[in-house]
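A short worksheet on the structure shown next.
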Amino acid sequence: MTNLARALDDLYTKCMNCTNTVSVCPGVWKDIASGIPPRGFYYKAAPVKLLVVAKNPGHPMKGEPELFRGRTGSELFRAYRDYQGRLYPDPGKVREPSTRFHKTLFRYISFFLDIHSSDIYLHAAHTNLVKCSTPDEQARLNVKTMERCYAEYFRVELDLLHPKVLLALGREVERFLMERQADHGLPVVYVRHPAYRYPRNDEARILGDIKRQITTHL
């Protein structure tokens, strides 16, 4: 294991065991003891060309809490990594609407970077601005919560993953990252959240334009 990988694993272990309460991070839904920890990040290699940034994890998928319930520390992180290792090669194995997000996202990254879908995480990683779920997935995130998670975890992720481009999933994420561009210093490219697909007749043109934006920074 490289020093970068070890540092990332340490960061994510700390994140999954985060003790911040709703008084510190308003609006979050976190219950580590019941198997709903902070999560929503994945990497295979570092540094990366592209860091995909969503706003926060959705609701746990079927059977997910049972895998994490009662686990803490590095054991919790390893359980999450094992779960991702089984899910990401074929998200279709889990028959839930939320896996459409993964399949569409993988297709986007593969196209943007001109690589096979099996190799995307050799060149890209993904994360969330806020690592905790929220009861209402459609609601806007609390700014105080976003600022806290940005300072404690996201900013450190950037230093370790060292991406060349941030791909913002949705306008809420794009706006937040653009407002802090003087701090992180990275180009931010917007794409519609993969849960909301582009019109079929427009998708090729729009994705082609996004690919050109990304390519100029690689």
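The values are calculated or read from the model by the stated rules, or taken from the named source; none is laboratory data. All figures in this text were calculated on a predicted structure; none of them were measured in a lab. Counting neighbours? That spans all protein chains shown, and the Cβs are built from the backbone with ideal geometry, glycine included. The area values use the complete protein model at the heavy-atom level, side chains included, leaving out ligands, DNA and RNA. Shrake-Rupley method; radii C 1.70, N 1.55, O 1.52, S 1.80 Å.
Summed over the range 183-218, the residues that are hydrophobic (A, V, I, L, M, F, W, C), more than 19 Å from ASN56 (Cα to Cα) and open to solvent by less than 60 Å² (accessible area, probe 1.4 Å) give a count of 5. Take the conditions (1) under 17 Å from the mean Cα position of the chain (by Cα); (2) surrounded by fewer than 16 Cβ atoms within 10 Å (Cβ to Cβ); HIS116 misses just one of them, which is (1). Residues of the range 159-175 that are open to solvent by 10 Å² or more (accessible area, probe 1.4 Å) and in a helix (DSSP H, G or I): ASP159, LEU160, ARG171, GLU172, GLU174, ARG175. Exactly one residue among ASN128, ASN142 is modelled with pLDDT of 95 or more, open to solvent by 50 Å² or more (accessible area, probe 1.4 Å) and polar (S, T, N, Q), and that residue is ASN142.
Of everything listed in (1) surrounded by 18 or more Cβ atoms within 10 Å (Cβ to Cβ); (2) modelled with pLDDT of 95 or more; (3) touching a Ser or Thr at 6+ places or on another chain (Cβ under 9 Å), the single unmet condition for PRO60 is (2). Of the residues making up the range 119-174, those that are more than 14 Å from the chain's Cα centre (by Cα), of a type outside the set (A, V, I, L, M, F, W, C) and within 18 Å of LYS49 (Cα to Cα) are ASP119, HIS123, ASP159, HIS162, LYS164. For LYS49, the requirement of being modelled with pLDDT of 95 or more, basic (Lys, Arg) and touching a Lys or Arg at 6+ places or on another chain (Cβ under 7 Å) is met. Does any residue of the range 195-203 turn out to be among the aromatic types (Phe, Trp, Tyr), assigned to a loop (DSSP other than H, G, I, E, B) and more than 26 Å from ASN17 (Cα to Cα)? Yes, because at least one residue in the range 195-203 is among the aromatic types (Phe, Trp, Tyr), assigned to a loop (DSSP other than H, G, I, E, B) and more than 26 Å from ASN17 (Cα to Cα). The sole residue among TYR42, TYR12 that is in contact (Cβ under 8 Å) with a residue 24 or more places away in the chain, touching a strand residue (DSSP E or B) at 6+ places or on another chain (Cβ under 6 Å) and within 29 Å of ARG175 (Cβ to Cβ) is TYR42. The residue of the range 1-57 that is farthest from the chain's Cα centre (by Cα), among those that are part of a strand (DSSP E or B) and surrounded by fewer than 18 Cβ atoms within 10 Å (Cβ to Cβ), is ASP31. Inspection of the range 66-75 identifies at least one residue that is hydrophobic (A, V, I, L, M, F, W, C) and open to solvent by 20 Å² or more (accessible area, probe 1.4 Å). Within the range 24-35, residues that are farther than 20 Å from LYS55 by Cα and free of Cβ contacts under 8 Å to residues at least 60 places away in the same chain have Cβ atoms under 6 Å from residues that are open to solvent by less than 40 Å² (accessible area, probe 1.4 Å) and not in a loop (DSSP other than H, G, I, E, B) in these pairs: GLY35/PRO65; GLY35/PHE68, counting only partners at least 6 apart in sequence or on another chain.
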